[in-house]
Amino acid sequence: MRAVGWGWGIAAAGLLLGVAACGGSSPSGATSATVSSSAAPSTEPSPSSSLSTGSETPGPTPAATDSWAARSIPLGQTVAMALDPAAVYALYQPGGGQTPADDPARTRVARLDRRSGALRTGDQLPAAASIAVSGGSLWVAAQITEGSATDTRILYRLDPATLVVRQRIPLAPLADPSTVNSLPVLAEGAPGGLWLGLGGRIHLLSTVTGRVLLSRDLGERATAASMSIDPTGQRLYVGTANAASLVTVTEWNATIGTLLASAKAPGGDLGGPRVAADRGGVWIAFATGMAGSLERLRGSDLAATTNPHSPSFMSPSGQAHSNAVRASLGGGVLWITDRDVECADPTTGALRAHTGFPISAGQVVADSSGAYLGTFAGLEVLRPDQRCSR
């Protein structure tokens, strides 16, 4: 089945600690390189900026439209997703439904062909938590699995067409005990390689060898929570949280790793701000403990350009968003998932259209040819309201 048409044409200081031959399904000559999450502090400057409050005039809330689901694929709880022109990829835990499957050891990867609609599933990748497409490969990063007899902190390189594992790169034990349970995060789109966030550091890896090209420190007791690269591939944004309940957003040169700006972010230390980069800045979705909200930060200095307390950032029901609110960008649209799935203006955040889902919604990945949603039950191929693409 073709991607659904919907108004747009169709519908890791990480040091290299060792290199060894891979086993399992890896081909002869494949290598493994250990990535560490600790090293000497960075000597780069740390410019900062204060968040300012923007203003805007909310418009009327659009009426909800019928379900945007064009096809439902019951995989189980979707953990993370990635998209390229040929396919949509999902990490999932088999089972699920109205509640999470909550069994990381059983996590698998699936590939949905966007043209034919054919579904392929791969082997188990225990505790896989993040996924990205970069340098012609599919990359999956796994966290530690509590109680496991083996260390599951591994970065996998997969063939994006067959889902066969081509390389396994062990992620070295975290030096700071307070970050043992932190999730590895990946960001695709950099011209120089693949960015990996692991504990208190970010690493640029070669997509040819998997080796560490450079590493940067995120600051004392900071932990990478989310990363996103802007559509030009020039700016990397990192959302961090730490044990002192300070949450920040930092902006980096995505090619050479120079720190460009840093700002304290709103919300509490509840997983850190979730970042979604656009051409002029970055959207953040954050939790406060009582509710959640969104805000857009300007790329040059990370000053706020929107007001998270504006009625425009309420849910379509007029209530505050929950702590689980997520934001992503794709196809020139800001996608917001919470109790509803919403599409909004990518600059102002003004709501364009929304729909309800009976099953808790997670992440939307989208481009100009289609949009896809992960839920506790699986993957949804969307046919959004045409107002989303205006």
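The values are calculated or read from the model by the stated rules, or taken from the named source; none is laboratory data. What you are looking at is a predicted structure, and each value in this text was computed from that prediction instead of being measured. FYI the Cβ positions are ideal-geometry reconstructions off the backbone, even for glycines, and counts take in every protein chain you see.
When Pro311 is tested against (1) modelled with pLDDT under 85; (2) of a type outside the set (Ser, Thr, Tyr); (3) out of contact with any strand residue (DSSP E or B) (no Cβ under 6 Å at 6 or more places or on another chain); (4) buried (at least 24 other Cβ atoms within 10 Å of the Cβ), only condition (4) is not met. Val341 falls short on exactly one of the conditions (1) among the hydrophobic types (A, V, I, L, M, F, W, C); (2) within 17 Å of Asp278 (Cα to Cα); (3) surrounded by 24 or more Cβ atoms within 10 Å (Cβ to Cβ), and that condition is (2). Ala225 - would you say it is modelled with pLDDT under 95, under 28 Å from Pro170 (Cβ atoms) and within 15 Å of the chain's Cα centre (by Cα)? Yes, satisfied. Screening the candidates Gly257, Gly267, Gly233 for the property of being in contact with a Leu (Cβ under 6 Å, 6 or more places away or on another chain), outside any strand (DSSP E or B), small (Gly, Ala, Ser) and over 14 Å from Gly200 (Cα atoms) yields one hit, Gly257. Among the residues of the stretch 195-218, those that are within 18 Å of Arg274 (Cα to Cα) and assigned to a loop (DSSP other than H, G, I, E, B) comprise Gly199, Gly200, Leu218.
Scanning the stretch 325-383 for residues that are of a type in the set (Phe, Trp, Tyr) and modelled with pLDDT under 95 yields Phe357, Phe376.
Would you mind stating whether Ala287 is modelled with pLDDT under 95, within 20 Å of Ala304 (Cα to Cα) and hydrophobic (A, V, I, L, M, F, W, C)? Criteria met by Ala287.
Annotation note: of Arg111, Arg168, Arg153, the sole residue that is over 26 Å from Ser369 (Cα atoms) and either modelled with pLDDT of 90 or more or surrounded by fewer than 18 Cβ atoms within 10 Å (Cβ to Cβ) (or both) is Arg168. Could you please give the count of residues in the stretch 361-383 that are farther than 15 Å from Met81 by Cβ and in contact with an Asp or Glu (Cβ under 9 Å, 6 or more places away or on another chain)? Adding up the residues that qualify gives 0.
Please find, within the stretch 228-247, the residue that is surrounded by the most Cβ atoms within 10 Å (Cβ to Cβ) out of those that are touching a strand residue (DSSP E or B) at 6+ places or on another chain (Cβ under 7 Å) and modelled with pLDDT under 80. Per the criteria, the residue is Asn242.
So for the stretch 316-324 (the condition being under 24 Å from Leu83 (Cβ atoms), modelled with pLDDT under 90 and outside any strand (DSSP E or B)), does at least one residue qualify? Scanning the stretch 316-324 turns up at least one residue that is under 24 Å from Leu83 (Cβ atoms), modelled with pLDDT under 90 and outside any strand (DSSP E or B). The set of residues from the stretch 190-201 being at pLDDT below 95, more than 13 Å from the chain's Cα centre (by Cα) and surrounded by 22 or more Cβ atoms within 10 Å (Cβ to Cβ) comprises Ala190, Gly193, Leu198, Gly199, Gly200, Arg201.
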